[in-house]
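J.: There's a structure below that I have some questions on.
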Amino acid sequence: MADDDKTEKPLRTLIVDDEPLAVERLQVLCADIDPINVVGTASDGAAALRLVDALSPDLVLLDMTMPELDGLGVAKALAEKASPPAVIFVTAHEDFAVEAFDLEAIDYVLKPVAADRLRRAIDRAISRRGETRSSSSTWLEELWVPHRSELLRIAVSEVSRIDAERDYVRLHIGQKDEGGRSYLLLQTIAGLEQKLDPSEFIRIHRSTILRRDNIRGLRHDGLGVWSAELGDGEALRIGRTYLPKVKAMAGR
């Protein structure tokens, strides 16, 4: 019974935003969400950290862009605490999603905030209440990608292929012959490669990263040129720089 009582207690919530109208909007939305109890508001990052120490909130609804100490700076400071509150970023900017995920934020909600979208984010916070934040986790397990008017969470385990497109990467989910889909993410392929588990992903070209279990075989095309054959039958050329590592994967 004690555990049930704990999960039913409202989330003590701190709203942090430098725009008064945005704070008021969140207060109105939170008033209609039963598990939420707004215990305070802050208009800048420094005040937010002081109120976290004074009020010990369970959840912080945190704006990303604020003068001096911004949302990422606040989240980094909170992550160093022994028992940090959960963080949901509420922002007009979609470009910081990767950095927000690195800080183990619960969700990333875009402004203007829709009531149902905020409620889904709160539900995530409730479902993860009591979890220990895993600062020892090395590799990405989820990604946020912009889609229409919101950001979608995609498990890295669903990604079969990643292609570079200038300053973006295209994430391919599933196989083309099985109705696969793709999403663009503002992130360089080199930066994303550093965050992916090398036991699950391998870079075969300056423009391509593949999930290892999506590689059906390697094909020698002659004159030192090799290709990786994918599960859907497509063949992708392997760059000479990456060929030794790909061959090593196959024990060659």
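J.: Normalised by the empirical 2.2 N^0.38 Å for globular proteins, what value does the Cα Rg of region 154-249 take?
T.: Numbers: Rg = 12.8 Å, N = 96, 2.2 N^0.38 = 12.5 Å.
It is 1.03.
J.: Now for a separate question. Given a Förster distance of 30 Å, report the FRET efficiency between THR138 and ARG181 from their Cβ-Cβ distance, rounded to the nearest 0.05.
T.: 0.60
J.: Can you divide the C-alpha Rg of the chain by 2.2 N^0.38 Å and report the result to two decimal places?
T.: Rg over 2.2 N^0.38 Å, computed on Cα atoms: 1.19.
J.: So, by mean Cβ neighbours within 10 angstrom, what's the order for 93-100, 78-85 with the highest one leading?
T.: Going by the mean number of other Cβ atoms within 10 Å, highest first, we get 93-100, 78-85.
J.: Still on this structure: Would you compute, from DSSP H runs of 4+ residues alone, the mean residue ellipticity of the chain at 222 nm, taking -39500 (n - 2.57) per run and dividing by the full residue count, rounded to the nearest 500?
T.: Helices in the chain give a 222 nm mean residue ellipticity of -7500 deg cm²/dmol.
J.: For the chain, what is the percent of antiparallel DSSP beta bridges, rounded to the nearest 5?
T.: Given both bridge residues lie in the chain, the antiparallel proportion sits at roughly 65 percent.
J.: So, R0 is 45 Å and r is the distance between the beta-carbons of GLU158 and LYS81; what FRET efficiency does that work out to, to 0.05?
T.: On the way: r = 32 Å, r/R0 = 0.71.
Approximately 0.90, to the nearest 0.05.
J.: Rounded to a whole number, what is D in µm²/s for region 15-76 from Stokes-Einstein with the Kirkwood radius over alpha-carbon pairs (25 °C, 0.890 mPa s)?
T.: The Stokes-Einstein estimate is 209 µm²/s.
J.: So which residue, out of VAL109, VAL156, VAL225, gets the largest mean-square fluctuation from a GNM of the chain using Cα contacts under 10 Å as springs?
T.: Highest fluctuation of the listed residues: VAL225.
J.: Turning to a different aspect of this structure: If you project the alpha carbons of region 2-133 onto their three principal axes, what span does each projection cover, largest first, in Å?
T.: 42, 31, 28
J.: In this model, which of LYS9/LYS111; LYS9/LYS76; LYS76/LYS245; LYS76/LYS195; LYS81/LYS111 are farther than 24 Å apart at the alpha-carbon?
T.: Beyond 24 Å: LYS9/LYS111; LYS9/LYS76; LYS76/LYS245; LYS81/LYS111.
J.: Relative contact order for region 2-133: what percent, with Cα pairs under 8 Å and sequence separation of 6 or more?
T.: Computed value for region 2-133: 21 percent relative contact order.
J.: In addition: Once the piece of chain linking SER149 and GLN194 is laid out straight, how much longer is it, given 0.36 nm per residue of separation minus the C-alpha distance between them?
T.: 13.4 nm
Every read-out reported here was derived from the displayed coordinates using simple, explicitly stated rules and does not represent laboratory data. The structure displayed is predicted, hence computed values, not measured ones. As a convention, Cβ positions derive from the backbone with ideal geometry for all residues, glycine included, and neighbour counts pool all protein chains shown.
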